[in-house]
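Q: My questions all concern the structure below.
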């Protein structure tokens, strides 16, 4: 029973009416024109059986206590004339009529066996009646005995959404990655906080949101809400389903970001993902490695092994997409996935997930392309939206789109990841400068005066005008510098071996000779079988590189400053 309020003179007054307490419990969704919703937990708390009975007694003074108590039980616990049907409560309907100031209307709903499962109720075009779309046999409610049935029906239709916010919970089916909620266009998402900043993501915009705890069945407090850009209905549904299919193909957990929920809301399509508290890989690279190691309370050997573990985990889970049915017999219907947009902004950093150093997870599968077994390598007039710095040579040469473009992109990413581990963010910037400088010196009439930050150049062969792709010499020289800076005592440790593998196997300009996902996974998996206490993981710590002002000496492969 609600407690009495103590007044200034020490007396007490009757508690606020239920309608006032309900209104006070409303939460504003700041991203939906400040529309308000009533959290489901607060609704159940305020509309307990005793409060419902009291409200009915006020609305039906002509009836005795037994009548009000019986109706309260029906409202809170349900009623069913047919014993084969499980009774369903009408608590939300009761809450709506309380908010409308029309508590007596609950009798009409109860007499016609309407319950909360019938919500939302819909209206005839001129607001002459309410009906449920869930039950074909359900009657139309017209409220002809009321003074203003038009106002009642219109108000009920518009106000019901405040108690119908959806709840997002993990799926119950074991083979389903997430539930897909089919929401009415008037539905109010249970969001109580939303970031002012929006982040581009694939075919949509991403915002940081907080889902009210009553409607949040996940362990995460904050989520990334990705809402797809406006587009034609066919395109919208195509890309929405494509992203869902991509997550369905991926292994749950691990280093592919979990998808918590998907929804259709009128013309809108959206997804909910866990919010990465550490930002993207670019945000991680802005931090000094020694700060990461110190805050995690680990040794440098743990850091070097963590680098290997993150790269392995990403490749391992990508392999599940590249070869989704590797354990079963392949047939012409098997699907092979290509991410196609690997870049630092699409790798998220979760600081409190997994090891003390956190976990990296690949995101944004919206650009994922799937190909049948019989056409998993195909010529494409458009290679899509590949990140220009990490785009593979075949993008410019013969438009061959295969899973090897992801391996090249990961080779570029791993090269910069290793550069950050060994030299911090300044080293990444130096590496970029050297790649750009080489591009400026390689005149390409098709590009005019533009220079590009990528990892390859195109050269014309001596015997024909056909162009071939070559890995930039600045890339090779940079690897040489990084390994040399480690010193001879580190020759048989992780970083030199990893850098050489990236250079020779992942960044091979010839797609046919480039490693595939299985080879990269096997290589990194072999390294991780080396015991953590082995000297193989020794690392003296990140060496500070200068902030600009370097001069490239290509004859020796050594930068000087």
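Q: Looking at the range 439-452, which of its residues are surrounded by 15 or more Cβ atoms within 10 Å (Cβ to Cβ) and either in a helix (DSSP H, G or I) or at pLDDT 85 or above (or both)?
A: Scanning the range 439-452 gives a single hit, 439.
Q: What is the residue count in the range 238-263 for residues that are modelled with pLDDT of 75 or more and in a loop (DSSP other than H, G, I, E, B)?
A: Total satisfying the criteria: 6.
Q: Sticking with this structure for a sec: If the requirement is being closer than 28 Å to residue 26 by Cβ and either assigned to a loop (DSSP other than H, G, I, E, B) or at pLDDT below 95 (or both), which of these qualifies: 176, 227? Steps first, answer last, please.
A: Details: 176 fails: closer than 28 Å to residue 26 by Cβ.
It is 227.
Q: Looking for whichever is over 27 Å from residue 166 (Cα atoms), surrounded by fewer than 16 Cβ atoms within 10 Å (Cβ to Cβ) and modelled with pLDDT under 95 here; the options are 142, 84. Which one fits? Explain how you work it out, then say what you get.
A: On the way: 142 fails: surrounded by fewer than 16 Cβ atoms within 10 Å (Cβ to Cβ).
Criteria check complete, one pass: 84.
Q: Would you confirm, using the coordinates I've provided, whether residue 487 is modelled with pLDDT of 90 or more, assigned by TED's automatic domain parsing to the domain that holds residue 364 and buried (at least 20 other Cβ atoms within 10 Å of the Cβ)?
A: On the way: modelled with pLDDT of 90 or more: yes; assigned by TED's automatic domain parsing to the domain that holds residue 364: yes; buried (at least 20 other Cβ atoms within 10 Å of the Cβ): no.
Answer is no for this residue.
The values are calculated or read from the model by the stated rules, or taken from the named source; none is laboratory data. The structure presented is a predicted model; accordingly, all values stated were derived computationally and were not measured. Counting neighbours? That spans all protein chains shown, and the Cβs are built from the backbone with ideal geometry, glycine included.
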